Amino acid sequence: MSWAGASDGTTVSVSAEGWNVVVDSEPGPLVQAVPVAALAAAAIGMAELFRIVFADILGARGRRKPQPGAINLITSGESGGHLPSPAGPIAIGRVHLAGAGAIGQACAAALAVSGVTGTLVAVDPEAVELSNLQRYVLTTDQSVGEPKTAILRKALVRCGLDVEEVATAWGADDRSGPTADVVLVALDTPGDRIAVQAGLPRLVSNAWTQPADLGCSRHERFGVDPCLACLYWPTRPRPNRHELIAAALGEHELRVLTHIVTGLPVDVPLPEGIIPTVRDIPAPSEASQWSHRSLLDDVADAAGLDAAARGRWHGCTIDQLYREGICGGALVTTTLRGVPQEVVVPVAHQSALAGVLLAAQLLVAVDPQLAALRPEATEVRYDVLQGLPQVLARPRKITKGCLCQDRDFQIVFGAYESDNS
Ligand SMILES: [Zn+2]
């Protein structure tokens, strides 16, 4: 028998049974869901609702018919049958959470309802900002200005998990960094992730969001399987800061570089003769205009900002214009084409699902019986704008030149393992 939803896809059915998430299908025999499966089902249900509401805008990615399918959170396959559920409290030991933002909060919330015991060392130097609230599952309007680690400690106060707050950057003091044994990684930048791996934790679980898609990966056999740094190892030169800003603002690199090196505000035209001679960046023909018009005027014209809106940037440096105008979103709507991927804000259910999958990955990793059922591929991806069915497990290769292929790192990791076995 099959589930009968509206043929135009405007009815969504989601359920959870055991470790399975089931969409648009008749639920199987009644089996109690593990809490992470129920949470994942809720997030995937929201993703389908989003695809219905925004179907016209999303084009081919909008939802227009039922899309039956299932996901098993252990095997990453369509259905794992009835795999064992934890019988009692799950002891996770001492686990570090690197990053208490949208993914980190969803992960902590999922662990809290999963009956785990142990210590979660929450590491994040930032406080909550107003723009965070739309996708942070543990915050309220009153949370703005509070340290992100404090939000976690308060939210988890009544569960079996003790939270230790470390309100500094990863590795900034000896409560994080190379002393960490098991790390849940919910950080924003490739550089921060590589820094976690360089501390050689025994077990790493990692989750991320990127436009439309989310993923998580596990890293346990350093030097044998791809490590966390393999996923983010630079395989081509990274753009310089002036290149990044120039691309995002749609401005010439030399003009941006001149503002960076002189510190001149963006609303002031560049004085005659101030533009430096840079061997690799010849001045374009329009450079003569830069002493008559300000960079702000050109960017604001391209973004369609009126005089009042551009007044906000008077006296600002080019770094401030980039941080608040592009990363903060004030200019994003009209200059999106040039925005680097790292500054595109994910949708709420996307971050939540990434966090839930991160928690599920830890729960499976600490149970040898369940860990043995995982797929060989160490990476899982889910596109929140596609619906089911999807292929989740993704094979990965070691990245040539990565630190996991460095003999010194391998020796230290080997020694570390034997010390702790
Ligand atoms: Zn590696």
(request) Using only the Cα atoms of segment 357-411, build the gyration tensor, take square roots of its eigenvalues as a ≥ b ≥ c, and label the shape rounded, prolate or oblate: rounded if a/c is under 1.5, else prolate if a/b is larger than b/c, else oblate. (result) oblate
(request) Please sort 101-111, 225-235 by packing, taking for each peptide the average over its residues of neighbouring beta carbons within 10 angstrom, highest first. (result) 101-111, 225-235
(message) Using 0.36 nm times the number of residues separating Asp188 and Glu78, minus their current alpha carbon distance, what extension gain do you get?
(response) 36.6 nm
(message) What is the angle, in °, between the Cα long axis of helix 407-420 and the longest principal axis of the Cα atoms in the chain? Nearest 10 is fine, range 0 to 90.
(response) 40 degrees
(message) Under the rule of at least 5 residues apart or a separate chain, name every residue whose amide H is placed under 5 Å from the amide H of Arg94.
(response) Thr119
(message) For the pair Asp141/Ala307, report the inter-label distance in nm, with labels modelled 7 Å from Cα in the Cβ direction.
(response) 3.5 nm
(message) Per 0.36 nm of contour for each residue apart, how much would the distance between Lys154 and Ile52 grow if the chain were fully extended, relative to their Cα-Cα spacing?
(response) 33.2 nm
(message) Going by amide H atoms built from the backbone, whose H comes under 5 Å of the H on Ala377, apart from near neighbours?
(response) none
(request) Return, for the Cα atoms of the chain, the radius of gyration and Dmax in Å, separated by a comma. (result) 24.0, 78
(message) Please list Trp208, Trp170 from largest to smallest accessible area, probe radius 1.4 Å, with all protein chains kept in place.
(response) Trp170, Trp208
(message) Could you order the peptides 317-325, 299-307 from most to least packed, using the average number of other C-beta atoms within 10 Å per residue?
(response) 317-325, 299-307
(message) Can you give me the solvent accessible area of Ser131 with a 1.4 Å probe, rounded to the nearest 10 Å²?
(response) 80 Å²
(request) Considering the options Val196, Ser288, Val128, tell which one lies farthest towards the positive end of the dipole of the chain, charges being +1 on Lys and Arg and -1 on Asp and Glu at the Cβ, about the Cα centre. (result) Val196
(message) On a full-extension model of 0.36 nm per residue, what is the gain between Asp383 and Thr235, subtracting their alpha-carbon distance, rounded to one decimal in nm?
(response) 50.8 nm
(message) Counting other C-beta atoms within 10 Å, and keeping those with at most 16, which DSSP coil chymotrypsin sites (Phe, Trp or Tyr not before Pro) do you find in segment 1-63?
(response) Trp3, Phe54
(request) Rounded to the nearest 10 degrees, what's the angle between the helix 253-262 long axis and the longest principal axis of the chain, both from Cα atoms, 0 to 90? (result) 80 degrees
(request) Calculate how steeply helix 348-365 sits against the longest principal axis of the alpha-carbon atoms of the chain, using the helix alpha-carbon long axis, and give the answer as 0 to 90 degrees to the nearest 10. (result) 50 degrees
(message) I'd like the distance between the alpha-carbon centres of segment 61-86 and segment 257-295, rounded to an integer number of Å.
(response) 55 Å
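The values are calculated or read from the model by the stated rules, or taken from the named source; none is laboratory data. It should be emphasised that the depicted structure is a prediction, and the values quoted were computed from it without experimental measurement. Methodologically, a virtual Cβ is constructed for each residue, glycine included, from the backbone with ideal geometry; neighbour enumeration extends over all protein chains shown. The protein model used for the area step is the full one, side chains on, heavy atoms only, and it has no ligands, DNA or RNA in it. Shrake-Rupley method; radii C 1.70, N 1.55, O 1.52, S 1.80 Å.
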